[in-house]
Each structure stands twice: as structure tokens, then as C-alpha cells.
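Taking it in order: structure first as C-alpha cells, then the write-up.
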Amino acid sequence: MPGAPDQVAVGGALAHPFTADHALSGDDLVALVGGKGAGLVLMHRAGIPVPPGFTITTDAYREYLAHGWSDRFDRSVAEALDGLEQEAGKQLGSETNPLLVSVRSGARISMPGMMDTVLNVGMNPAVERAVAAASGDAAFAADTHCRALLGFAQLVLGAPEELIGRAGAVAPDPVAVAGMLTDAGYTVPPEPATQVVMAVRAVFDSWLGPRATRYREIEGIDPAIGTAATVQAMVFGNLGDRSGTGVAFSRNPTTGRSGLVGDFLVNAQGEDVVDGSATTEPLSVMADRWPELYDGLRRIAADLEAHFQDMVDLEFTVEDGSLWLLQVRRGKRSPIAAFRAAIDLAEDPAFEVDRREAVERCLRYLDDPPTVADADEGGGDVESSAVTVVASGLGASPGQAIGVLCCDPDRAVTMQEQGLDVILARRATSPADVHGMAAAKGIFTTLGGQVSHAALVAREWGLPAVVGASEATVNHDDAGGSVVGPTVTVREGDVVTVDGDGGRLLLGSVSSGRVVAPEVAVIQRWAAELDNDGVGTTTDAATPTPADAASRGPGAPGTTTDAGGEPSTDRVDGPPLANRVLHALRIKGMLTGPGAAAICAAPESTVEAELAAAVDAGTASFMEPRAMWLITPDGRAAHPAVLAEMIDGLDLGAMPYQRFLELNDRFKQLCTDWQLRDGEPNDHTDAAYDETVRNRLAAFDDEAQPVITAIGAVASWMAPYGPRLAAARARLADGDPKALTGVMCDSYHDVWMELHEDLILTQGIDRAAEGST
């Protein structure tokens, strides 16, 4: 994949039609045409009805960023439009059979709603008349023209929201709308081809817009990947009562349970569903209204889920009784849905997802696992005479959040910086609100459904959310704002509770008993049962530092000594630190700075400098919100050569690997005995039983340390495993029950698995052949 813009060579095809015989597939295709473009190519190949179109590639975006728009871009877009017109059997600007198109963004990584989408491109007065004649519906044509004018003026020309609101108020009169926009200095060009070019440039420019930039910062997405732009023939869900539009998930994005769910609107365009401006209807409405189309959608969802081996999110339109698919991607989901879906897929023989993959899909949530209502404390029922319900809606993202009400995203950031927990209330959120959403503990909106912007982002970030609370209104005034419910009003600064499980906004601080979701225990157990094969773990404050490695004294594994005989952790004799850092990333998948320092037995600042260099080289990426470095596909590809350098000249046969395997079998049983007592989960209330297991671990560690010392004498980078295991042993002796088998906390089990993986990689061993799978 091309690197930074100044490294992009000018040349190569800029636009690829969906019908192109792509030599690429999988991740390579996604990198070139973005997730949206790749999904459309996939569906076209599978015979799924997809409106024709083409994608202007991420390579083209980087060329545009480096060198600006050129005649080459104009020629490429014109040629691609010619092909689209031929395939669609329509023509841009035609006064008899006009073509309208959408221009949509599409990066390699989904960023829902954070970049611009321009619909109904190619409309002008002559085209409006042609659309009215072809459809037999002048009102539809006028509405489409108004939508085109407003969308283009706002997204391409930059017209302010206040002007768009005033102009929208005179719709569906396109002459009046155009007049208001022109009077304010925002004239939409009448030439359809010019509109397309300007829309593509606006989509490209939106990649560096403030909302997309902020979202990437929060999600740790590399800005260098850029975006593609997909130009596609419009199909219309607002063409009367035999038309509609919606978004469907193959599994419930809130709970993870299997079954088609989503939002639908009759006689509407897609933006009406996802922008939260309307209260949508469940897909059951479509099932009742058009059962055959619904069954077709359900079959398509099942086929695509089987292809992606994951829950999928589909955007679709019904135009005059015909079903069209506009997008497929892996579905955004709540943390609890991530666990439930991962477990179900791993346990379903129809899917190829195994337990290791299921664990990897849930890693990002294990530091702060999702909770559910505690059945022993009333099942989370917060209904009582002491509870005041401000408003009820749809529980779009589970959990409960307590904070002070705020009705403005900018003020939400300020309040959060003041140390307050904030509940953000909006009529509907938009991508422009993302900074306020990031500052909030919970989200409440009066409009929208399961696939609204608020719902999608809240689930992705694990924020409790209630949407579509149509019985309430959000007001803005000099005092800052308020939420007015049927019987009670709350103002900014009042404490409220978002109940994402029950779909309610509650007055005051109302907390029900909650426990970690049972699905978390399943994933943790699977992680404990698996030997580490690239499954990333993270470290916490209890992770031993380089000083811990030195604390065992001169000559201890993982340490060197200076001229005065004092311990030094500046380096481990052997491979360069850069190689050891990449090797550590390959072992763990993701690392914090302190964790990397402990593994490499080097100062944190020095290790972080190497990690930063790895980011520059493309072998690692940095996830800012979690302060973590992740190995990239390029890093995995580079690792074998790095490892070959590390082991060059070493006598690997001198490592006591068979002795390690003997210890490994005993350690597995020890872990099982810590987790289970008399066949039941160990609740650690039997102090005598736990003491017995702790004593057994101490004896085990006494036997293991000389073996690890011998391993480190051959491969010096493995020497720090000894001190790290000793640190976990000490934490267990001090009463930390997670120090033996805990996940993602540098437990004895964590470190032991990493050592095992290191031995297997270093010696080139077939894990299945050795019987450790």
C-alpha cells in the first residue's frame, strides 16, 4: 500500500467500476477502494442487485492530497461516468432519461457518518422536469431537486446550517430554495458533470475535516490510509408507497443475538434513516408489507454473514417494488454484543471462527468488560415509586450512565474538562457532535432508531444510549437547555441517569446492581485455555517495570551489570532493541509503553522511541485513546526476517524445551485448580484451598526459574520472562487473585503463554505437532 502522499507516484487507474475484473481481493481490495467499494464489488460478483457505479481509489486520494486536482482526474471521472451511463442505460443531464448519482466516502476502516455523502447529484431544472415525466410524480421530482440543492450547498459549497434550515423550510419549492441559496452566495452549478467532480473533491476533503479527524484520534485510525469515493447510480426509496429504505443487521447490534434487525422507512431516502431526523420503524414493518422482499433481504444477509464470517450491516433501498443493496460492512456493535456474537460464531459449526479468533475479537473490551443487571439485586429493575422517568425511548446501547445533563456538544467538552460526568442530550446527533459524544458518559436523543448516528457511535464506544424518545423535546435557551418530558423537565446541570437497558432517561442518580456479563467469563476461560498464538494482551499498572527486572540482583535473568557490578536495565545483550521491540509486538499483538519496557528490559522512554520508529516504518500503529501500540500487517510480514537475524548463530538445540513442556503440562493443571474448586468456579472464599494452590505455584516457580535462566542463556531476549513471572508470583502471594490466571494483567499465566509462544516462534515449531493446541 502506498505510503505518505509525497511518496505517491502519479499514474495508474484512478477509477474502478464495480464490474472490473479486479486482480485484487480481500484486504488488498479494501485498501484500494475502501470498505464500501469492496463490499459493492463483492455483492456484484455474488449476483446481488447493486446499482451500477465506480470507485475513485485511495491511491487517487493520496495523489490528490499530494499534487491537487488535475486534468487527469477530470478525464478519469469523465471516462468512468461514460461507462456508468452505458451500464445504467441513462445519461447525466438527459431531458428524457436522466441519471442521478450519489457520491459517498469509503475508507478501509468504517467511520460511520464522519465523512460527507452527497446524494441526488446531477439534478437541475431540466432534469427535474424529466424525472417528473418519467415517474409521473411532480411532487417527487420537486422533493428530489430540493434535497439535491440543500445537500450540495451544505456539503460541497459549505453553506452554514442556519441557512440550510431556512432554505429547507421553503421546500419542496426548488425555485425558492435555489433563490435563497444564490442570494446568500451559494449557487449550485447546473452542469451535472461539474456537480460530480465537485462532490468527489468534497468527499476527499472531508477526510481531513474536524469530525473525521477527531473520530480517528479517538479510534486510533491512521490518517495516512485515506479514503476512496464511490459514485453510484441513485435508486429512490422515496418514490411512493411501493418504495422505502432501511439498514439491517444480521445480528442484534445491542445484544449480539442472531436474527435480522434494523430500521426501515416507507417512502424515504437513506439519509432519513441514518441521520436520526425521523423516528424509524422496525424491519418487521417491511416483513409485513413486503414479505418476499424481506425474505430476499434475510437470505442476502445470511450469505454475506457467511462470507465475512461476522455480523454484517446492510444498507438497502426498495425502489418501486425492487430491492437494491447499497452497502455491506462488518456491523458496529455494543461490547456485550461483541462477546455474544463471537461466542455464537465460534460455537456454530457453519462458521470457521474458532475460539482463538473469538478471544481476539473481544480483546479491546477485556480491560473494562461490559456489565449486565444483577438478577440477585432485582434484575436491574429500577422501577419504583422513588424513580422518576423523564422520557422513554429505545435502548440502543446497553448499560447505565449517571451524570449531569448537557444539551450542547461544545459545553459537554467543557464540563468534562471540569471533571464532571456528562449525559449528552440532543434532538439527534450528527457527525458534528462527535467531540461532545466522546466527552459524554451516556447519550439521549428524541429522534432516531437502532441505526441512527447516535446509536451506531454509542455502541462502538460502549456508551449507554437511549434514542427515539419522541415523547420528549430538547430545548435550547439562555439558561443552557433542557429536556422536557411528559411530566417532568430537567435542565442542564441536573443529575440524570441514562438506562440503556430499559430505554429510559431517569431523574437523579439511579443505579441498579450490575455484574460483569457472563459472556465475559466464557471468553476469559477460552483465553486461559489457549496457548498464545498472536493473541494480544495488555498490561496494567501492576506490570513490572525494568526496575523489577533488576530487583533480583546482579546476574539475574533479564539484567546486565555495569562496570561497578550494579544492575543495569539499559539493554539485554543480544539483538538490537528495535528487533526485540518488533518481536515483542509479534508475541503480544499490542503493547503499552510500560509493558514493552518490561518485556524488553529497557527504559520506557527508549522503548517508546523504538515504537515510534516502528510507527513511522509502518510496522506498528498507535491507538491514542488507550496509549497502545499495535503490530500492523506489514509488521507481521517483516517479523520473520527480523527473527532470522535474532537467532542467527544461536544454538537453539541447547534450550531445554522438553523440560519446559513437562512444566507446561503441570502448569495447565495448576491453573485449572485455581479457577475451579470441586468442579465449580472458585470464588476464593476458601482461604485454605487458595493457600494450597499458592504454595504449589511457589514450588512450581522454583523449578521453572532455572529452566528459564537456561533458555535466556541461549536467547538473551527471553531472560526477562523470569523476573516477570517472579513479579506475578509475588502479587499472588500479596493477595491479588488475578495474578495467577487473570487475563490482560501480566498474570503468571499471561507471561507463561508469551514465553511458550516465543519458544515456538523462535524454534519454528509446529504447535499442532507438539500437541499444545
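The values are calculated or read from the model by the stated rules, or taken from the named source; none is laboratory data. Keep in mind that this is a model prediction, so the values were computed, not measured. Here the Cβ is made from the backbone with ideal geometry for all residues, glycine too, and neighbour counts use every protein chain on show. Accessible surface areas use protein heavy atoms only, side chains included; no ligands, DNA or RNA. Shrake-Rupley method; radii C 1.70, N 1.55, O 1.52, S 1.80 Å.
Of the strands (runs of 3 or more DSSP E) lying entirely inside the range 434-537, those containing at least 1 residues that are in contact with a helix residue (DSSP H, G or I) (Cβ under 8 Å, 6 or more places away or on another chain), modelled with pLDDT under 95 and more than 26 Å from Thr414 (Cα to Cα) span 514-516.
For the range 591-628, a residue qualifies if it is open to solvent by 10 Å² or more (accessible area, probe 1.4 Å), β-branched (Val, Ile, Thr) and touching a residue at least 24 places away in the same chain (Cβ under 8 Å), and the qualifying residues are Thr592, Ile599, Thr606, Thr619. Looking across Val484, Val510, one residue alone is among the aliphatic types (A, V, I, L, M) and in contact (Cβ under 8 Å) with a residue 40 or more places away in the chain. It is Val510. Just one of the listed residues (Arg62, Arg72) is at pLDDT below 95, basic (Lys, Arg) and open to solvent by 40 Å² or more (accessible area, probe 1.4 Å), namely Arg72.
Among the conditions (1) open to solvent by less than 30 Å² (accessible area, probe 1.4 Å); (2) at pLDDT 90 or above; (3) in a helix (DSSP H, G or I), the only one that Ala31 does not satisfy is (2). Of the helices (runs of 4 or more DSSP H) entirely within the range 107-223, those holding at least 1 residues that are open to solvent by 50 Å² or more (accessible area, probe 1.4 Å) and farther than 30 Å from Gln91 by Cβ occupy 161-168, 174-183, 210-219. Restricting attention to the range 322-353, the residues that are surrounded by fewer than 24 Cβ atoms within 10 Å (Cβ to Cβ), out of contact with any helix residue (DSSP H, G or I) (no Cβ under 8 Å at 6 or more places or on another chain) and not polar (S, T, N, Q) add up to 6. Here are some residues: Ala730, Ala719, Ala713, Ala726. Which one is small (Gly, Ala, Ser), under 25 Å from Leu582 (Cα atoms) and open to solvent by 30 Å² or more (accessible area, probe 1.4 Å)? None of the others qualify; the one that does is Ala713. Here Ile423 meets each of (1) within 30 Å of Thr245 (Cβ to Cβ); (2) touching a Leu at 6+ places or on another chain (Cβ under 7 Å); (3) of a type outside the set (S, T, N, Q) with one exception, condition (1). Number of residues in the range 409-442 that are within 18 Å of the chain's Cα centre (by Cα) and β-branched (Val, Ile, Thr): the value is 1. Against the conditions (1) out of contact with any Pro (no Cβ under 9 Å at 6 or more places or on another chain); (2) open to solvent by less than 10 Å² (accessible area, probe 1.4 Å), Lys668 satisfies every one except (2).
The single condition among (1) part of a strand (DSSP E or B); (2) touching a residue at least 12 places away in the same chain (Cβ under 8 Å); (3) open to solvent by less than 40 Å² (accessible area, probe 1.4 Å) that Gly259 does not satisfy is (2).
Of all residues in the range 416-429, those that are in contact (Cβ under 8 Å) with a residue 24 or more places away in the chain have Cβ atoms under 6 Å from Cβ atoms of residues that are open to solvent by less than 30 Å² (accessible area, probe 1.4 Å) and among the small types (Gly, Ala, Ser), 6 or more apart or on another chain, in Gln416/Ala439; Ile423/Gly403; Ile423/Gly442; Ala428/Gly276; Ala428/Gly448; Thr429/Ala454. So is Arg242 open to solvent by 50 Å² or more (accessible area, probe 1.4 Å) and under 21 Å from Ala454 (Cβ atoms) or not? Judged against the criteria, Arg242 is not a match.
Taking every residue in the range 675-696 that is touching a residue at least 12 places away in the same chain (Cβ under 8 Å) and pairing it with any residue that is assigned to a strand (DSSP E or B) and loosely packed, with under 15 Cβ neighbours inside 10 Å, at least 6 positions away or on another chain, the pairs with Cβ-Cβ distances below 9 Å are Gln675/Pro681. Restricting attention to the range 40-59, and to residues there that are open to solvent by 10 Å² or more (accessible area, probe 1.4 Å) and in a helix (DSSP H, G or I), which single residue is nearest to Asp82 (Cα to Cα)? Ranking the qualifying residues of the range 40-59, first place goes to His44.
Every listed requirement among (1) surrounded by fewer than 24 Cβ atoms within 10 Å (Cβ to Cβ); (2) more than 23 Å from the chain's Cα centre (by Cα); (3) more than 22 Å from Met111 (Cβ to Cβ); (4) at pLDDT 85 or above is met by Cys406 save one, (1).
Here is a yes/no grid of residues against (1) more than 40 Å from the chain's Cα centre (by Cα); (2) assigned to a helix (DSSP H, G or I); (3) more than 27 Å from Gln763 (Cβ to Cβ); (4) basic (Lys, Arg):
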position	(1), (2), (3), (4)
Glu662	yes, yes, no, no
Arg666	no, yes, no, yes
Asp673	no, yes, yes, no
Thr685	no, no, yes, no
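Look at the range 435-458: where a residue is crowded, with 24+ Cβ neighbours inside 10 Å and of a type in the set (Phe, Trp, Tyr) and a partner is at pLDDT 90 or above and in a loop (DSSP other than H, G, I, E, B), sitting 6+ places away or on another chain with Cβ atoms under 7 Å, you get Phe444/Ala469.
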